[in-house]
Structure formats: C-alpha cells, structure tokens
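Step one of this worksheet: look at the structure below.
The values are calculated or read from the model by the stated rules, or taken from the named source; none is laboratory data. Since the structure is predicted, the reported quantities are computational estimates derived from the model, not experimental observations. Neighbour counts run over all protein chains shown; Cβ positions are idealised from the backbone, glycine included. All accessible areas refer to the heavy atoms of the entire protein, side chains included, with ligands and DNA or RNA removed. Shrake-Rupley method; radii C 1.70, N 1.55, O 1.52, S 1.80 Å.
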Amino acid sequence: MVSKHNPSGNKKRSPLSIFAVIGLCCFFYILGAWQRSGFGKGDSIALEVTKQADCSIFTNLNFETHHNDVEIVEPSKPKAQVFKPCDVKYTDYTPCQEQDRAMKFPRDNMIYRERHCPPEEEKLHCLIPAPKGYMTPFEWPKSRDYVHYANVPHKSLTVEKAVQNWVQFKGNVFKFPGGGTMFPQGADAYIDELASVIPIADGSVRTALDTGCGVASWGAYMLKRNVLAMSFAPRDNHEAQVQFALERGVPAVIGVLGSINLPYPSRAFDMAQCSRCLIPWTANDGMYLMEVDRVLRPGGYWVLSGPPINWKTYYQVWKRTKEDLKAEQKKIEELAEQLCWEKKYEKGDIAIFRKKVNDKSCRRNSANMCKPRGSDDVWYKKMETCITPFPKVSSASEVAGGELKKFPARLFAVPPHISKGLVEGVSVESYQEDNKLWKKHVNAYKRINRLIGTARYRNVMDMNAGLGGFAAALESPKSWVMNVVPTIGKDTLGVIYERGLIGIYHDWY
C-alpha cells in the first residue's frame with residue numbers, strides 16, 4: 001500500500017522548471033552561433049594578433065632529443081703517482097751521503113764527510129726498502145737500551161768499541177749499556193759529575209748539542225734529566241751510528257764540523273759537549289770552537305772530555321808528546337778567553353767552560369768579529385774564522401739576546417725573538433693564538449688516533465714547524481719532535497729553540 005504523499009515514488013517535475021531548462025539551452029545555442037560568425041570581441045582580438053604575428057612555416061623542425069650533441073665531461077680524479085721499491089742494495093742509502101760520491105771530494109776540513117747531493121738526473125725516485133726482517137722498534141724507554149738486530153744489521157761497532165761499552169750483540173738484539181769512550185762505566189755517572197757544576201736538574205739547561213756523538217748514549221741518558229740533546233756524527237767507516245741512535249728513539253742527525261755552518265740558529269743550545277769527539281778545536285785558528293760559540297746561548301756551558309784534557313796521564317796512550325798536548329790545551333783556553341768563556345771546572349778527563357751572559361766583562365784581544373750578515377743565515381754558508389758578536393745589552397747583568405724562563409715554563413712563555421719583534425709578521429698576540437690553535441689541532445688528532453702521545457710514536461717530524469706550536473702541544477717524555485724549518489720560508493727556528501724544543505734548517509730539495 002502506497003502512502004498518501006508517495007515519499008518513495010517518482011516525484012513529478014513542475015512545468016516551470018522544464019521551461020527554464022529549455023530557455024537556457026536556446027540561449028547558449030544562439031550565443032555560440034554569434035561567436036562563430038566572427039563578430040565576437042574575443043575573435044576580433046585574436047584576429048588582430050594573427051595579423052601582427054609571423055606565421056612562416058618551418059619544414060626542417062627536429063623534435064628529437066639533443067642530449068648527445070654536448071660532450072659530457074666527467075670530473076677528473078687526480079692520478080696518484082706510484083713509486084716502486086728501490087733495489088735492496090739501497091737499504092742503507094742516505095740522500096747526499098753516498099760513500100762513493102763522498103770519496104771524490106777533498107779530505108781537508110772534512111769536506112768529503114759533508115752533504116754532497118747528486119744532480120737531478122741521478123736522484124732516486126723509488127722507495128727505500130727496510131732491512132729484511134725489519135721489526136717494530138721497542139717502545140721507549142726500553143728502546144734506549146735495546147734495538148732489534150734485523151733493523152740495523154751491522155756488528156762492526158760491537159767489535160771496535162767492545163772495551164768502551166758502547167754496544168753489545170746478544171741473540172737477535174743489540175744492547176746499549178750506556179757507555180762511551182770517556183764514560184765506559186756508564187753515562188749516568190758521567191752526567192752526575194757534570195751536574196755537580198752545571199744546573200741540569202732545575203730546568204736551566206734544556207737544549208744540548210753533542211758533537212761527534214757516536215751512538216748517542218749521552219743524549220739518551222740526558223733525556224731522563226728532561227734535556228733534549230741534538231746529537232750528530234758523520235757517516236764514516238762505523239756503519240750507521242746515527243741510525244742506531246734513531247732506532248733507540250734518540251734525536252740525532254748525520255753531520256760534521258767541516259767547512260760549512262751547522263744548520264742551527266745562533267744562541268740555540270744551553271749546553272754543548274765533546275766527549276773525545278776528535279774534532280781539532282785549535283785548527284783553522286779556532287774556527288770550529290767559534291762555530292760552537294755561535295750556537296751556544298749566553299750563559300751556556302761547553303764540556304770537553306778527552307784529549308787534550310788530563311794529557312799528563314794519557315799522552316802515551318794517545319801517542320802524542322807532552323809538549324804537543326800541553327800546547328793544544330793552552331791554545332783552547334786562549335780561544336775560550338777570546339770567546340768570553342770562563343773555565344769553571346777541570347778534574348780528571350773533564351773540563352767545563354761557561355759562556356758569559358754578555359760581553360760587558362770580556363777582555364778580548366782580538367778584533368776578528370764576524371761581519372753582520374744575519375747570524376742565522378747559515379744554510380750551506382761557508383764557516384768563517386770569526387767571532388759572532390753578542391747582542392747588545394743595556395746593563396752588565398742583562399742576558400744578551402734575552403733571558404729565558406726555566407723549562408717547562410719557557411715552553412709557552414713569549415720567546416725573546418717575538419717579544420723583541422725579530423720575526424716579521426709575528427706578534428705576541430699572534431704567537432699566543434698559534435698556541436691555542438695547535439692545542440686544538442693536537443686534541444683533534446688524538447681523538448682520531450689515540451696512539452698519538454703514547455710511546456708508540458717516539459720519533460716525530462714536523463716538516464714545516466712554524467713557531468713550534470705542534471711540538472709544544474705534543475710535548476711529552478714519551479716522544480720528541482724534530483722541528484724542520486724550510487730555508488725558503490720564514491725563519492722561526494730561533495723561536496723554537498727558545499721554547500726548549502729542537503729542530504734544524506732544511507731545503508727539502
């Protein structure tokens with residue numbers, strides 16, 4: 001049954017709505033016809049645009065992609081240069097120290113033992129191989145006393161220096177008892193005697209120079225007194241003496257007092273020593289002693305042990321006459337006086353001289369002073385027989401060149417080279433900023449490599465040392481840094497030594 005209102009059924013449309021739909025359809029039909037006739041406003045605008053446009057027809061249009069027409073350049077990768085290993089015969093090769101080349105040079109003034117670099121066409125462009133069976137060195141301080149035989153396979157010193165207690169061969173290692181030609185019973189006892197005169201223990205002495213060092217036992221035992229010794233010896237008939245020192249973890253370089261200046265700045269070392277180093281100190285009117293004076297700091301100490309000291313006892317052993325040895329010692333003491341050195345001690349085989357802090361109290365009979373040429377301009381410069389003048393002072397108590405704090409305070413104190421404005425472009429502020437920067441860098445390095453600062457890395461080289469900030473931030477008894485200052489750069493090596501660090505000039509060619 002359907003409801004009365006029929007809610008679910010079809011609802012009838014009203015006539016009014018039907019007429020409205022029909023009317024709209026008629027209106028839009030008429031409008032479209034009118035627009036098509038061309039009389040509409042839109043068409044008139046379009047017609048005007050058509051008249052103004054160039055509607056030329058192009059028949060050669062190409063709708064293909066053109067990506068391949070332009071050459072795609074891949075980012076270039078740097079090609080690594082590969083160096084092959086050298087022949088095994090070059091295991092002990094040292095650039096500029098080849099024995100065959102050296103023997104072609106004069107023997108006078110040890111010229112043949114100095115650096116003589118090959119021409120470009122003869123330089124090696126291969127990797128120097130390690131000795132067969134090379135092993136990781138012992139960690140410091142064990143390395144001071146033991147070296148793997150495989151690392152430095154040369155036994156000649158164990159025979160030639162057997163009675164002097166330099167080195168012993170045991171099993172597969174070398175043992176270094178700490179002896180030397182003038183201290184066969186050990187370096188410690190020798191250093192104790194020096195320390196009775198020289199204030200080694202209080203930090204006054206931090207940098208030292210060992211001339212003719214042998215296997216550098218003196219420098220090795222000075223390290224435990226917190227003294228950094230730069231040891232050097234020539235590459236002579238004793239195989240690889242300096243290599244022994246480096247394997248032990250001791251600072252050392254191949255070098256000789258010959259015809260050219262030592263590669264160190266003036267007033268670099270707090271102390272220098274010759275333990276029977278066989279350097280002819282009176283030759284060439286004392287030129288070698290004058291060179292030691294150049295690198296010795298005002299107030300510094302020079303130690304001579306061996307000939308001619310105690311000549312009365314040893315003249316027969318040294319196979320020299322009393323008269324000859326007596327005359328040599330007298331000449332050394334005369335030269336020392338001209339250099340403003342005062343003899344402070346002589347006992348047994350040891351004599352100790354101290355350089356005065358300035359020239360106010362010097363009585364020099366010689367006017368043979370070096371001409372100003374930059375006392376640190378020494379790389380491959382001929383050594384001269386002249387005395388390096390003291391820096392000027394205003395009072396008799398002032399230390400020429402500037403007084404240094406005791407180590408370790410001097411490590412970060414402002415060095416005199418900087419406070420006096422001797423390094424171009426470096427101020428006290430920039431020096432302090434450099435220290436902060438290197439502390440930050442070294443901390444970052446240690447986060448990346450946690451072995452940095454441990455005994456695993458004993459010998460470290462800074463190839464472009466600047467102000468020594470890296471070495472200062474890394475300072476530790478577990479490691480030492482050889483600070484290299486390139487000769488083509490700013491001369492900052494004097495700053496490095498004033499901080500109580502060691503380094504060397506080099507040209508890297």
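Do the conditions hold for G421, that is, is it under 28 Å from the mean Cα position of the chain (by Cα), over 20 Å from D270 (Cα atoms), without any contact (Cβ under 8 Å) to a residue 24 or more places away in the chain and surrounded by fewer than 18 Cβ atoms within 10 Å (Cβ to Cβ)? Judged against the criteria, G421 is a match. Looking only at region 315-352, how many residues end up being farther than 26 Å from T385 by Cα and among the acidic types (D, E)? Total satisfying the criteria: 2. Taking region 139-187 as the region of interest, the strands (runs of 3 or more DSSP E) fully inside it that hold 2 or more residues being open to solvent by less than 50 Å² (accessible area, probe 1.4 Å) and either without any contact (Cβ under 8 Å) to a residue 24 or more places away in the chain or not polar (S, T, N, Q) (or both) are 146-148, 173-175.
Taking into account only those residues within region 288-344 that are hydroxyl-bearing (S, T, Y) and exposed (fewer than 15 other Cβ atoms within 10 Å of the Cβ), which is modelled with the lowest pLDDT?
Let us first name the residues in region 288-344 that are hydroxyl-bearing (S, T, Y), namely 288, 301, 305, 313-315, 321.
Still in the running and exposed (fewer than 15 other Cβ atoms within 10 Å of the Cβ): 313, 321.
On the way: T313: 89, T321: 92.
The qualifying residue modelled with the lowest pLDDT is T313.
One residue stands out in region 476-491 among those that are polar (S, T, N, Q) and surrounded by fewer than 22 Cβ atoms within 10 Å (Cβ to Cβ): the one that is nearest to A455 (Cα to Cα), namely S479. In region 430-466, the residue that is least open to solvent (accessible area, probe 1.4 Å) out of those that are assigned to a strand (DSSP E or B) and among the hydrophobic types (A, V, I, L, M, F, W, C) is V460. Out of all the residues in region 318-330, is one or more over 32 Å from the mean Cα position of the chain (by Cα) and of a type in the set (S, T, N, Q)? Checked region 318-330: at least one residue is over 32 Å from the mean Cα position of the chain (by Cα) and of a type in the set (S, T, N, Q). Assess whether Y112 counts as being assigned to a loop (DSSP other than H, G, I, E, B), without any contact (Cβ under 8 Å) to a residue 60 or more places away in the chain and among the aromatic types (F, W, Y). No: the conditions fail for Y112.
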